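Asker: Just dropping this structure here.
The values are calculated or read from the model by the stated rules, or taken from the named source; none is laboratory data. Every value quoted in this text rests on a predicted model; they were computed, and no experiment measured them. Cβ atoms come from the backbone with ideal geometry, glycine included; neighbour counts cover every protein chain shown.
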Amino acid sequence: MSTKSAKAELENIFNTHFEDFEKSLNGLSEKSTHEIRKSALDSLNHIGFPGNKHEEYKYTPLTRQLQKNFRFERFASTGKLKLEDLKDVPFYNENAHIVVLENGVVNTELSKVNGAQGLGIMPLKEAFKQNNEALANNFGRHLFAEKDAFAALNTAFAENGAYIHIERNTSVEKPIVLLYITTGSGELTYHPRNLIVAEENCEVNVIESFTSLNKGNAFINQSSEIVVEKNARFNYFKLQNESESTYHIDNTQVVQHRDSLFNAYTFTFDGALIRNNLNIALEEEHCEAHMYGLYLTHGKTHVDNHTVVDHKEPNSFSNEIYKGIVNDHSKGVFNGKIFVRQPAQKTNAFQSNKNILLSDNATVNTKPQLEIWADDVKCSHGCTTGQLDEESLFYLRSRGISLQKARNILLHAFASDVLEHVSISFLKEHVEYLIHKELD
Amino acid sequence: MLKIKNLHARIEDKEILKGINLEVKPGEVHAIMGPNGSGKSTLASVLAGREDYEVTEGSVEYLGEDLLEKAPEDRARSGVFLAFQYPVEIPGVSSTNFLKTAVNQVREFRGEKPLDAVGFLQMIKEKMKLVDMDQSLLGRSLNEGFSGGEKKRNEIFQMAVLDPKLAILDETDSGLDIDALKIVADGVNKLKSPDKATIVVTHYQRLLDYIVPDFVHVLYQGKIVKSGDKNLALQLEEKGYDWIKEELKATV
């Protein structure tokens, strides 16, 4: 079978699924919402799944991997998850608003969302029914389904996931934790979709954490739209530690308004193939965005982080630090784009990607990409890939510290500047634990 | 304590040490002097186990054992300490954690129990006084942003903490003003004892006013070409190294 026809076959499969999906909706869905789905499916059919030479996917042959490992015969089902399954799931027992999603579907019984003034959390499906103004104004309006096949695919099947709305002037004290748990046996696919609207002057921490309790291949095709309105402060954490047969693609589109602050943290450990597209649009002046990433991989894990920060107006600041420790046969990919549009004078934009290879078979592909149309800006980027510094190793060893311990100390130090800004202690401790587990 | 016999070492294809012979006994202070590029720092590095250098000939015996066989950490654990000429800055590694790890790995090797937090802090405070070190430095990343003087002081502080039998000071005086030099030398002197030995590698005589050597050796072109007592250092200070080079030419 040629790649081209295989690609087309994959598209056909999802078109058939879409017909089934439409039937299951039973005409209940709001017309405007469904129009967005249909137009996303048209986009998917128009652009098609990325082939091997697609510029954005050339180091990450996601389409080929899906063709090879999936048959896409049925939707993922739910109802297997029990309370006792959650006892070892990280964060379930933390003091937080816990939203449990089984195969992308919110399980309201197992979720623990305490009433908080100004905070609304509900399943996306429920929000579609209510179709309030914030949903109608934002759903499908920010994620560019016409540019990325997987974002289009997600939008076409958008039904499950979380809708979170933080009213203006609200400081949400406890973090909101979205616990994605994959259950079941045999292969499965799901398309979780989130919409988070943080209104003016609000403050919120959102954590997404992914856990696999399933057996078999899983394809998680996730998308989120996050709106950060004027002067809002938003910390967004993503922890991906999944099974070795999980294929996970994430499209997150963030839109920031004047004087807002957005901090994104992406921690990636296990998985078969993980691709994160994190796009931040700085729509107005005086926005500040930080993107921190840390990936520690072993085995055959493939992690690809693509980020875009788009400076559209003057006086904004963005800073990006991604770090990778890549072991065994695993692979890290980084692509960081910074756009500074012509009106965006006085922009400060910085980017760095540093990698340490722990094995001869580990690889990293890193590519910074700056496109600057404004002339009064400060921008920098840099990337390095190498081994641990020999001189530092020798220094530690010359003080009686074993080679293994010395390597460990240096690797922890390397990872630390990504972690040091994390203010939620239970999250920080858990990530530190995972780093220890990975390195020791 | 230390017996170096006919030591040859090279880095890549360049032979730097060309047959060093030196014996150091407990309680002695040896100064190794010489012009730039003579191999002084190489000798210090080879003794500490830096892997960039390849020993091609000769032997080094330390406390009756083959020193060259040992990994750098095992040399340190058995009491060899190198004070670096250029201490490395290691961002993200806290000075305190680093020291605690080092101390306890050395203690473990010696069959001693690890120090607990209280015992460790107590010991640290005592040793800091020796080199008049500011405690705030311990809260920072290892050597990161330290001034030249602070780095050198930190080396001597680490030496005090690890309590070595053989201390090798590699150009510890370079880049120090006279006050810092006195403090560092004072620290070294306080750590001296009849069962310990010190090798001071230096380009200048200045340090030797404060750390008085029993023996002075001149290293030139990878060999020790002249040995004497502390007066040799004074002579070198006064006349430079050229007269030694001339002497050598004459004998050839």
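Asker: Please report, ordered by residue number, the strands (runs of 3 or more DSSP E) entirely within the range B:4-103 with at least 2 residues that are in the same structural domain as B:Pro213 (by TED's automatic domain parsing) and of a type in the set (Lys, Arg).
Answerer: Numbers: elements: B:14-24, B:29-33, B:53-62, B:80-83, B:90-94.
Ranges flagged: B:14-24.
Asker: Please find, among A:Leu81, A:Leu41, the residue that is in a helix (DSSP H, G or I), hydrophobic (A, V, I, L, M, F, W, C) and crowded, with 16+ Cβ neighbours inside 10 Å.
Answerer: Numbers: A:Leu81 fails: in a helix (DSSP H, G or I).
Selected residue: A:Leu41, the only one of A:Leu81, A:Leu41 that is in a helix (DSSP H, G or I), hydrophobic (A, V, I, L, M, F, W, C) and crowded, with 16+ Cβ neighbours inside 10 Å.
Asker: Can you tell me which of A:Glu35, A:Glu9, A:Glu22, A:Glu56 is more than 19 Å from A:Asn154 (Cβ to Cβ) and assigned to a helix (DSSP H, G or I)?
Answerer: Numbers: A:Glu35 fails: more than 19 Å from A:Asn154 (Cβ to Cβ); A:Glu22 fails: more than 19 Å from A:Asn154 (Cβ to Cβ); A:Glu56 fails: more than 19 Å from A:Asn154 (Cβ to Cβ).
Only one candidate qualifies: A:Glu9.
Asker: Report yes if some residue within the range A:185-198 is β-branched (Val, Ile, Thr) and under 13 Å from the mean Cα position of the chain (by Cα); otherwise report no.
Answerer: Filtering the range A:185-198 for residues β-branched (Val, Ile, Thr) gives A:189, A:196-197.
Next, only the ones that are under 13 Å from the mean Cα position of the chain (by Cα) stay: none.
No, because not a single residue in the range A:185-198 is β-branched (Val, Ile, Thr) and under 13 Å from the mean Cα position of the chain (by Cα).
Asker: Same structure, new question: Looking only at the range A:221-254, how many residues end up being surrounded by fewer than 23 Cβ atoms within 10 Å (Cβ to Cβ), in contact with a Leu (Cβ under 9 Å, 6 or more places away or on another chain) and under 21 Å from A:Pro314 (Cα atoms)?
Answerer: Count: 3.
Asker: So, B:Glu28, is that one of a type outside the set (A, V, I, L, M) and either at the interface with chain A (Cβ under 9 Å from one of its Cβ atoms) or closer than 27 Å to B:Gly149 by Cβ (or both) or not? Lay out the reasoning, then the answer.
Answerer: Numbers: of a type outside the set (A, V, I, L, M): yes; either at the interface with chain A (Cβ under 9 Å from one of its Cβ atoms) or closer than 27 Å to B:Gly149 by Cβ (or both): no.
No.
Asker: Scan the range B:72-86 for residues that are more than 7 Å from chain A (Cβ to nearest Cβ) and either over 22 Å from B:Leu138 (Cα atoms) or touching a Lys or Arg at 6+ places or on another chain (Cβ under 7 Å) (or both) and jot them down.
Answerer: B:Asp74, B:Arg75, B:Ser78, B:Gly79, B:Val80
Asker: Counting only residues that are surrounded by 14 or more Cβ atoms within 10 Å (Cβ to Cβ) and away from chain B (no Cβ under 14 Å), which one in the range A:380-408 is farthest from A:Glu313 (Cα to Cα)?
Answerer: Within the range A:380-408, the match that is farthest from A:Glu313 (Cα to Cα) is A:Thr385.
Asker: Let me ask something else. Can you spot a residue in the range A:359-379 that is within 14 Å of another protein chain (Cβ to nearest Cβ) and within 30 Å of B:Ala102 (Cβ to Cβ)?
Answerer: Initially, the range A:359-379 is screened for residues within 14 Å of another protein chain (Cβ to nearest Cβ), giving none.
Among the residues of the range A:359-379, not one is within 14 Å of another protein chain (Cβ to nearest Cβ) and within 30 Å of B:Ala102 (Cβ to Cβ), which makes the answer no.
Asker: Oh, and also: May I ask you to say which residue of A:Leu86, A:Leu62, A:Leu101 is in contact with a helix residue (DSSP H, G or I) (Cβ under 8 Å, 6 or more places away or on another chain) and either in the same structural domain as A:Gly118 (by TED's automatic domain parsing) or free of Cβ contacts under 8 Å to residues at least 12 places away in the same chain (or both)? Full working, then the answer.
Answerer: Numbers: A:Leu86 fails: in contact with a helix residue (DSSP H, G or I) (Cβ under 8 Å, 6 or more places away or on another chain); A:Leu101 fails: in contact with a helix residue (DSSP H, G or I) (Cβ under 8 Å, 6 or more places away or on another chain).
It is A:Leu62.
Asker: Which of the following residues is under 30 Å from B:Pro72 (Cα atoms) and crowded, with 19+ Cβ neighbours inside 10 Å: A:Lys312, A:Lys323?
Answerer: Details: A:Lys312 fails: under 30 Å from B:Pro72 (Cα atoms).
Going through A:Lys312, A:Lys323 in turn, just one is under 30 Å from B:Pro72 (Cα atoms) and crowded, with 19+ Cβ neighbours inside 10 Å: A:Lys323.
Asker: What do you reckon, is B:Glu89 within 12 Å of chain A (Cβ to nearest Cβ), charged (D, E, K, R), in contact with a Gly (Cβ under 8 Å, 6 or more places away or on another chain) and crowded, with 22+ Cβ neighbours inside 10 Å? Break it down into steps so the answer makes sense when it comes.
Answerer: Values: within 12 Å of chain A (Cβ to nearest Cβ): yes; charged (D, E, K, R): yes; in contact with a Gly (Cβ under 8 Å, 6 or more places away or on another chain): yes; crowded, with 22+ Cβ neighbours inside 10 Å: no.
Answer is no for this residue.
Asker: Now a separate question. Could we say that B:Phe109 is of a type in the set (A, V, I, L, M, F, W, C), within 28 Å of B:Ala9 (Cα to Cα) and either within 11 Å of chain A (Cβ to nearest Cβ) or within 18 Å of the chain's Cα centre (by Cα) (or both) here? Even if it seems obvious, please write down each step before you answer.
Answerer: On the way: of a type in the set (A, V, I, L, M, F, W, C): yes; within 28 Å of B:Ala9 (Cα to Cα): no; either within 11 Å of chain A (Cβ to nearest Cβ) or within 18 Å of the chain's Cα centre (by Cα) (or both): yes.
When the stated conditions are applied, B:Phe109 does not pass them.
Asker: Filter the range B:60-99 for residues that are touching an Asp or Glu at 6+ places or on another chain (Cβ under 7 Å) and farther than 23 Å from B:Ile156 by Cβ and give the result.
Answerer: Selection gives B:Gly92 alone.
Asker: Could you please find all residues in the range B:32-64 being touching a helix residue (DSSP H, G or I) at 6+ places or on another chain (Cβ under 8 Å) and of a type in the set (Asp, Glu)?
Answerer: Matches in the range B:32-64: B:Glu51, B:Asp52, B:Glu61.
Asker: Here is a further query. Condition first: in contact (Cβ under 8 Å) with a residue 40 or more places away in the chain and either in contact with a strand residue (DSSP E or B) (Cβ under 7 Å, 6 or more places away or on another chain) or closer than 13 Å to B:Leu162 by Cα (or both). Now tell me which residues in the range B:90-120 satisfy that. Walk me through how you get there before you give the answer.
Answerer: Start the filter on the range B:90-120 by keeping residues that are in contact (Cβ under 8 Å) with a residue 40 or more places away in the chain, which leaves B:90-96, B:98-99, B:102-103, B:106.
Matches in the range B:90-120: B:Ile90, B:Pro91, B:Gly92, B:Val93, B:Ser94, B:Ser95, B:Phe98, B:Leu99, B:Ala102, B:Val103, B:Val106.
Asker: Out of (1) crowded, with 22+ Cβ neighbours inside 10 Å; (2) within 15 Å of the chain's Cα centre (by Cα), what's the single condition that is false for B:Ala102?
Answerer: B:Ala102 satisfies every listed condition except (2).
Asker: From A:Asn12, A:Asn26, which residue is surrounded by fewer than 17 Cβ atoms within 10 Å (Cβ to Cβ) and either at positive phi or aromatic (Phe, Trp, Tyr) (or both)? Please lay out each step first, then the result.
Answerer: Details: A:Asn12 fails: either at positive phi or aromatic (Phe, Trp, Tyr) (or both).
Selected residue: A:Asn26, the only one of A:Asn12, A:Asn26 that is surrounded by fewer than 17 Cβ atoms within 10 Å (Cβ to Cβ) and either at positive phi or aromatic (Phe, Trp, Tyr) (or both).
Asker: Scan the range B:204-252 residue by residue and report those that are closer than 23 Å to B:Leu169 by Cα and in a loop (DSSP other than H, G, I, E, B).
Answerer: Hits for the range B:204-252 are B:Tyr204, B:Gln205, B:Tyr210, B:Ile211, B:Val212, B:Pro213, B:Asp214, B:Gln221, B:Gly222, B:Asp229, B:Gly240, B:Tyr241.
Asker: Take B:Leu7 and tell me if it is more than 14 Å from chain A (Cβ to nearest Cβ), at pLDDT 95 or above and more than 22 Å from A:Glu390 (Cα to Cα).
Answerer: Details: more than 14 Å from chain A (Cβ to nearest Cβ): yes; at pLDDT 95 or above: yes; more than 22 Å from A:Glu390 (Cα to Cα): yes.
It is true that B:Leu7 is more than 14 Å from chain A (Cβ to nearest Cβ), at pLDDT 95 or above and more than 22 Å from A:Glu390 (Cα to Cα).
Asker: May I pose another question? Within the range B:115-200, which helices (runs of 4 or more DSSP H) (wholly inside it) include 1 or more residues that are more than 13 Å from chain A (Cβ to nearest Cβ), of a type outside the set (Asp, Glu) and under 15 Å from B:Phe84 (Cα atoms)?
Answerer: Working: elements: B:117-130, B:148-162, B:178-191.
Helices (runs of 4 or more DSSP H) meeting the threshold: B:148-162, B:178-191.
Asker: Also, I was wondering about something else. Please verify whether the range A:409-430 includes one or more residues that are of a type in the set (Gly, Ala, Ser), within 24 Å of the chain's Cα centre (by Cα) and away from every other protein chain (no Cβ under 14 Å). Steps first, please.
Answerer: Pass one, the range A:409-430, residues of a type in the set (Gly, Ala, Ser): A:413, A:415-416, A:423, A:425.
If we keep only those that are within 24 Å of the chain's Cα centre (by Cα) too, we end up with A:415-416, A:423, A:425.
Filter again for away from every other protein chain (no Cβ under 14 Å), leaving A:423, A:425.
Checked against the condition, which is being of a type in the set (Gly, Ala, Ser), within 24 Å of the chain's Cα centre (by Cα) and away from every other protein chain (no Cβ under 14 Å), the range A:409-430 yields at least one hit.
Asker: Got at least one residue in the range B:56-64 being farther than 20 Å from B:Lys14 by Cα, free of Cβ contacts under 8 Å to residues at least 12 places away in the same chain and more than 10 Å from chain A (Cβ to nearest Cβ)? Break it down into steps so the answer makes sense when it comes.
Answerer: We begin by selecting, within the range B:56-64, every residue farther than 20 Å from B:Lys14 by Cα; these are B:60-64.
Pick out the ones that are also free of Cβ contacts under 8 Å to residues at least 12 places away in the same chain and you get B:64.
Of the ones still in play, those that are also more than 10 Å from chain A (Cβ to nearest Cβ) are B:64.
Yes, the range B:56-64 contains a residue that is farther than 20 Å from B:Lys14 by Cα, free of Cβ contacts under 8 Å to residues at least 12 places away in the same chain and more than 10 Å from chain A (Cβ to nearest Cβ).
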